[in-house]
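Heads up: the structure comes next, in structure tokens.
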């Protein structure tokens, strides 16, 4: 009986999590008349693909998705490459400088980005990076980095120093012990950070709006907003269809990478 | 593995290609190359986007030496985007916006004064009342024209024909609209059997009530000795009080619609929960698209008070001060907003053209979908008084919106609402006049 209840709770939770996606799918397949019913329907009475036709016909969704994918992949990989060694240093080397650095990382999260958007734009302009995907990658890396650093630092701390000391006893130098002992144990943390960076970049709107002005370089969030009008009025059908297509790449990315999100790798490693 | 390598290669190629995009607004051209103009458009409805793209294509084919790039923006965030682009010197050459946004950008020197650039034909085709919506202080003691007004919105009443006929009330026409008293009586007659006469969607109450307040001469702002202050006298209170009465005295207005956005009450409208929905003319498009088969509806003119005047704002095309090709940009605007093309744009957006030639187009005067009533209402549009008030946006969001929402929710009296609008409002305006 207890097991049944557990499954019921689990199914309820899954339905709760999947609800927005299912509703998006349902809306994408509805006619405008059905969307305007006072009693909403779950399963469209007369399913239509017209919304997908409109969404793909009016906007370059495939091109925008490809550009978003490129930006998100580059931004997430670069973020991890930079934050991994920095996180190791922050976790392992203690001292005043370290505390100041951690404090600064936290403080940097406090600033509302709208405050710095104009100076940032001017810097990018001077570097000739406005209207380019590398410019957006730089911005996304800069803004994801502090939190990624903070996340990874926690994972590094969780790796017992004793493992590195044991490797040292066996004759491994610091680089060798980092590469052979610490790095494999950090895999779940790296994957989590990669996911966080990827999704942050994939969904980011405001910086993209400001940095990218040429239609040939616009990313997916900028394309989706074109289905909305003034005072919150939107073309719900094409918007739902386009949004549904926009969630698919990140779902695939998550599905591929989630197997690496294993825990318990270190269980029993330092039993003594 | 192959897939991974292919994806990586594609990613690198795309990124490398994007590197070639170059910075800046992209409007500078080599000596023998065509002039390049970026046109930021905010069209978003299917027909409107199609009309915009078609006109740009037509222009580009006919003018190989002046090539226009169509860039689609969004009403939701265009002003954030422009603030940054103006400050960074990369704004588009031709900018679509609405007249309330122009005043601030013009006073900051970001928009070109078009006064001496407007072709005579374009100038004479658009009435002065529309030009007034884009005329602001030029900061040198004169007046400048900072955009070409091309689409305007008026308030109409979208009504359920069956319920209207059943109430046996006089059907108002563009020449003989209801008075507010007649409108209230009609709403009372239509309130029966669980359905209401009218629904006021007041999530964003300010523009709607301020524009309608002109029916009784309510302007909400007065300027004396160069100083602008808020005023809420009998003229300003009239429309506010009448809407409030429909909600709480006559009980002829659906209370459920009160907190809703403009389009939100439509599902209940189709179901017959209320008979009339006062709204902007553009909402007809949603009704045409969404209304269930067999649902009959009509467009009625807005009620009149001591006059039928309504405040108007315009959609506009402006030229950035920093544009390297202002003359070419003006040529493009003149083509884009000629009478024939304005009719196409107005039809696509379900709004009213400012061009008198466009307004005479048969498509703008047909009875179908209420175009005749909508187009006729344009004659009542006068420049909204708040358009020229420095600090209006802050007054609207921080003072007027919450005060009017509380008043229409019956949480405060009209005296308390008036006190907030005036006292808190004047503190806001004062900061803009130092």
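Tabulated data
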{"read-out": "Residue in the stretch B:236-258 that is closer than 22 Å to residue B:404 by Cβ, assigned to a loop (DSSP other than H, G, I, E, B), within 19 Å of the chain's Cα centre (by Cα) and within 14 Å of another protein chain (Cβ to nearest Cβ) present", "value": "no"}
{"read-out": "First in the stretch B:170-195 and outside the structural domain of residue B:212 (by TED's automatic domain parsing) and within 23 Å of residue B:378 (Cβ to Cβ), second anywhere and surrounded by fewer than 18 Cβ atoms within 10 Å (Cβ to Cβ) and at pLDDT below 95, Cβ under 9 Å, 6 or more apart", "value": "none"}
{"read-out": "Condition broken by residue A:28, with the remaining ones in (1) under 30 Å from residue B:54 (Cβ atoms); (2) within 11 Å of another protein chain (Cβ to nearest Cβ) satisfied", "value": "(2)"}
{"read-out": "Residues of the stretch B:205-218 that turn out to be buried (at least 17 other Cβ atoms within 10 Å of the Cβ) and part of a loop (DSSP other than H, G, I, E, B), as a count", "value": "1"}
{"read-out": "Flag for residue B:345 being part of a helix (DSSP H, G or I), under 17 Å from the mean Cα position of the chain (by Cα) and over 26 Å from residue B:83 (Cα atoms)", "value": "yes"}
{"read-out": "Which numbered condition residue B:32 misses (of (1) modelled with pLDDT under 85; (2) in contact with a helix residue (DSSP H, G or I) (Cβ under 9 Å, 6 or more places away or on another chain))", "value": "(2)"}
{"read-out": "Of all residues making up the stretch B:44-84, the number that are surrounded by 18 or more Cβ atoms within 10 Å (Cβ to Cβ) and assigned to a helix (DSSP H, G or I)", "value": "12"}
{"read-out": "Residue within the stretch B:277-284 that is touching a helix residue (DSSP H, G or I) at 6+ places or on another chain (Cβ under 6 Å), in a helix (DSSP H, G or I) and free of Cβ contacts under 8 Å to residues at least 60 places away in the same chain present", "value": "no"}
{"read-out": "Residue B:293 vs. criteria under 24 Å from the mean Cα position of the chain (by Cα), assigned to a loop (DSSP other than H, G, I, E, B) and either more than 10 Å from chain A (Cβ to nearest Cβ) or at pLDDT below 95 (or both)", "value": "no"}
{"read-out": "Residues of the stretch B:377-434 classified as assigned to a helix (DSSP H, G or I) and closer than 22 Å to residue B:259 by Cα, total", "value": "23"}
{"read-out": "Qualifying strands (runs of 3 or more DSSP E) (wholly inside the stretch B:92-172; at least 1 residues being modelled with pLDDT of 95 or more and under 26 Å from residue B:310 (Cβ atoms))", "value": "B:94-98, B:143-145, B:148-152, B:155-160"}
{"read-out": "Test for residue B:386: is it touching a helix residue (DSSP H, G or I) at 6+ places or on another chain (Cβ under 7 Å) and at pLDDT 95 or above", "value": "no"}
{"read-out": "Test for residue A:23: is it more than 28 Å from residue A:221 (Cβ to Cβ) and either assigned to a helix (DSSP H, G or I) or within 11 Å of chain B (Cβ to nearest Cβ) (or both)", "value": "no"}
{"read-out": "Residue ID - surrounded by the most Cβ atoms within 10 Å (Cβ to Cβ), chosen from residues in the stretch B:349-367 that are under 21 Å from residue B:300 (Cα atoms) and either in the same structural domain as residue B:44 (by TED's automatic domain parsing) or within 17 Å of the chain's Cα centre (by Cα) (or both)", "value": "B:353"}
{"read-out": "Condition met for residue B:202 (touching a strand residue (DSSP E or B) at 6+ places or on another chain (Cβ under 8 Å), buried (at least 20 other Cβ atoms within 10 Å of the Cβ) and closer than 25 Å to residue B:268 by Cα)", "value": "no"}
{"read-out": "Residue match in the stretch B:303-314 (condition: within 14 Å of chain A (Cβ to nearest Cβ), modelled with pLDDT under 95, part of a strand (DSSP E or B) and buried (at least 20 other Cβ atoms within 10 Å of the Cβ))", "value": "yes"}
{"read-out": "Helices (runs of 4 or more DSSP H) fully within the stretch A:65-159 counting 1 or more residues that are farther than 25 Å from residue A:190 by Cβ and within 14 Å of chain B (Cβ to nearest Cβ)", "value": "A:117-126, A:133-158"}
{"read-out": "Residue within the stretch B:419-430 that is touching a strand residue (DSSP E or B) at 6+ places or on another chain (Cβ under 8 Å), farther than 30 Å from residue B:139 by Cα and in contact (Cβ under 8 Å) with a residue 40 or more places away in the chain present", "value": "no"}
{"read-out": "Candidate set: the stretch B:264-275, residues that are within 14 Å of chain A (Cβ to nearest Cβ) and touching a residue at least 60 places away in the same chain (Cβ under 8 Å); chosen: the one surrounded by the fewest Cβ atoms within 10 Å (Cβ to Cβ)", "value": "B:272"}
{"read-out": "Single residue of the stretch A:43-57 satisfying the filter (in contact with a helix residue (DSSP H, G or I) (Cβ under 7 Å, 6 or more places away or on another chain) and either buried (at least 16 other Cβ atoms within 10 Å of the Cβ) or within 15 Å of residue A:236 (Cβ to Cβ) (or both)) that is nearest to the other protein chains (Cβ to nearest Cβ)", "value": "A:54"}
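Table: residues versus (1) over 23 Å from the mean Cα position of the chain (by Cα); (2) without any contact (Cβ under 8 Å) to a residue 24 or more places away in the chain; (3) closer than 28 Å to residue B:47 by Cβ.
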site: A:32; (1), (2), (3): yes, no, yes
site: A:46; (1), (2), (3): yes, yes, yes
site: A:59; (1), (2), (3): yes, no, yes
site: A:69; (1), (2), (3): no, no, no
site: A:76; (1), (2), (3): no, no, no
site: A:99; (1), (2), (3): yes, yes, no
site: A:111; (1), (2), (3): no, yes, no
site: A:114; (1), (2), (3): no, no, no
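The values are calculated or read from the model by the stated rules, or taken from the named source; none is laboratory data. Just so we're clear, the structure is a prediction, and the values are computed from it rather than from any experiment. With ideal geometry, Cβ positions are generated from the backbone for all residues, glycine too; neighbour counts draw on all protein chains shown.
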